[in-house]
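Heads up, the thing below is written out as structure tokens.
The values are calculated or read from the model by the stated rules, or taken from the named source; none is laboratory data. This one's a predicted model, so the numbers in the text were calculated from it and none came from an experiment. Glycine also receives a Cβ, built like all others from the backbone with ideal geometry; neighbour counts cover every protein chain displayed.
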Amino acid sequence: MRAVRVVVRGRVQGVFFRISTREEARRLGIVGWVRNKHDGSVECWAQGPKAAIDALISFLHKGPPAAWVETVDTHEKRPDPIFDDFKILY
């Protein structure tokens, strides 16, 4: 089990980034959340099998078609058993 906190910067708000991230995470069997931050970035907490997390991080480097990703900062975290789904936080 691997857990990460990821912050994505660029044109990542208003381009369906959170919805696309939730769909990809659920497809990969990952739990956690994604949310917009006040500084214009998108933050994500994701946990699941290492290969699935690696795949999600690859997706976050690209995002949905309308996105333009400038940077992706990934920080390793301890898995948290509280999560049972992948949600969009508002």
- prompt: Which of the residues belonging to the range 36-48 are surrounded by 15 or more Cβ atoms within 10 Å (Cβ to Cβ) and either charged (D, E, K, R) or within 17 Å of residue 3 (Cβ to Cβ) (or both)?
  reply: 43, 44, 45, 46, 47, 48
field: Qualifying residues in the range 49-90 (those that are farther than 19 Å from residue 11 by Cβ and among the acidic types (Asp, Glu)) - the one surrounded by the most Cβ atoms within 10 Å (Cβ to Cβ)
entry: 54
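Assess whether residue 8 counts as being without any contact (Cβ under 8 Å) to a residue 60 or more places away in the chain and closer than 19 Å to residue 87 by Cα.
So residue 8 fails the test.
Residues that are over 11 Å from the mean Cα position of the chain (by Cα), at least 3 per element: which strands (runs of 3 or more DSSP E) completely within the chain meet that?
Working: elements: 2-11, 31-36, 42-48, 68-77, 86-88.
Correct list: 2-11, 68-77.
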message: Against the definition (touching a helix residue (DSSP H, G or I) at 6+ places or on another chain (Cβ under 7 Å), surrounded by 19 or more Cβ atoms within 10 Å (Cβ to Cβ), β-branched (Val, Ile, Thr) and at pLDDT 95 or above), how does residue 12 come out, yes or no?
response: no
